[in-house]
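Chemist: Questions regarding the structure given below will be posed in turn.
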Amino acid sequence: MDNSEWRAPSDYERQIMERLLSVEFPGVQELRTQLAGCLVKTSGGYGAVKIQSKCPLAAKVVDRVPVEAVADDADGYGIHYLLHVIDGFAEELEVYTDTLLDIIKTPDPSSLRVHVNSAIDPDLKKRFGIK
């Protein structure tokens with residue numbers, strides 16, 4: 001049972017969110033606005049958080065997880081960060097490891113390799129600079 005309270009994101013959580021939104025994809029502008037003033041609360045292990053925003057602007061994303069990132073842990077296995085968006089609103093920052101064991105060394109957000117998950121047509125990919 002989760003008894004955590006809503007709070008402002010930590011500096012590290014904010015840096016992870018900013019890194020995820022540092023690439024262009026459909027809905028990213030609205031997500032940036034939503035996350036600028038969001039609140040979070042702990043949601044499971046590895047640093048995952050639920051997200052709450054008062055921003056009324058829905059993001060027109062094309063995938064429930066429009067963007068994700070991965071970094072290598074000290075053991076060489078991946079640490080994954082996924083931004084979940086439901087009905088146009090950021091809902092959760094999911095974090096998990098390839099090994100499902102504890103994170104050994106928390107990665108620097110600048111080291112995250114960001115990937116856009118957009119099953120969209122080539123014209124939209126070109127418009128948003130997605131490869």
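The values are calculated or read from the model by the stated rules, or taken from the named source; none is laboratory data. Please read all numbers here as calculations on a predicted model, not as lab measurements. Every residue, glycine as well, gets a Cβ built from its backbone with ideal geometry; the counts of neighbours run over all protein chains shown.
Chemist: Can you tell me which condition residue 99 does not meet? The list is (1) part of a helix (DSSP H, G or I); (2) of a type in the set (S, T, N, Q); (3) at pLDDT below 95, and all the others hold.
Modeler: Just one mismatch for residue 99, condition (1).
Chemist: Let me ask something else. Only one residue in 61, 40 is at negative phi, surrounded by 20 or more Cβ atoms within 10 Å (Cβ to Cβ) and assigned to a loop (DSSP other than H, G, I, E, B), so which one is that? Break it down stepwise before answering.
Modeler: Working: 40 fails: assigned to a loop (DSSP other than H, G, I, E, B).
It is 61.
Chemist: Return yes or no: is residue 47 modelled with pLDDT under 95 and surrounded by 15 or more Cβ atoms within 10 Å (Cβ to Cβ)?
Modeler: Numbers: modelled with pLDDT under 95: yes; surrounded by 15 or more Cβ atoms within 10 Å (Cβ to Cβ): yes.
For residue 47, the condition - modelled with pLDDT under 95 and surrounded by 15 or more Cβ atoms within 10 Å (Cβ to Cβ) - is met.
Chemist: Go through 18, 92 for me and flag whichever is under 28 Å from residue 105 (Cβ atoms) and in a helix (DSSP H, G or I).
Modeler: On the way: 92 fails: in a helix (DSSP H, G or I).
Just a single option satisfies the conditions, and that option is 18.
Chemist: Whether any residue in region 58-77 is of a type in the set (Phe, Trp, Tyr) and touching a residue at least 24 places away in the same chain (Cβ under 8 Å) is what I want to check. Walk me through it before giving the result.
Modeler: Residues of region 58-77 of a type in the set (Phe, Trp, Tyr): 77.
Restricting the remaining residues to those that are touching a residue at least 24 places away in the same chain (Cβ under 8 Å) gives none.
No, that holds for no residue.
Chemist: Further, regarding this structure: Within region 72-102, restricting attention to residues that are touching an Asp or Glu at 6+ places or on another chain (Cβ under 8 Å) and among the hydrophobic types (A, V, I, L, M, F, W, C), which residue is surrounded by the fewest Cβ atoms within 10 Å (Cβ to Cβ)?
Modeler: The qualifying residue surrounded by the fewest Cβ atoms within 10 Å (Cβ to Cβ) is 82.
Chemist: Let me ask you something else. Pairs, please: C-beta under 7 Å, at least 6 apart or cross-chain, first residue within 19 Å of residue 86 (Cβ to Cβ) and in region 19-44, second assigned to a helix (DSSP H, G or I) and modelled with pLDDT of 95 or more?
Modeler: 21/28; 21/31; 21/32; 21/35; 35/17; 40/13
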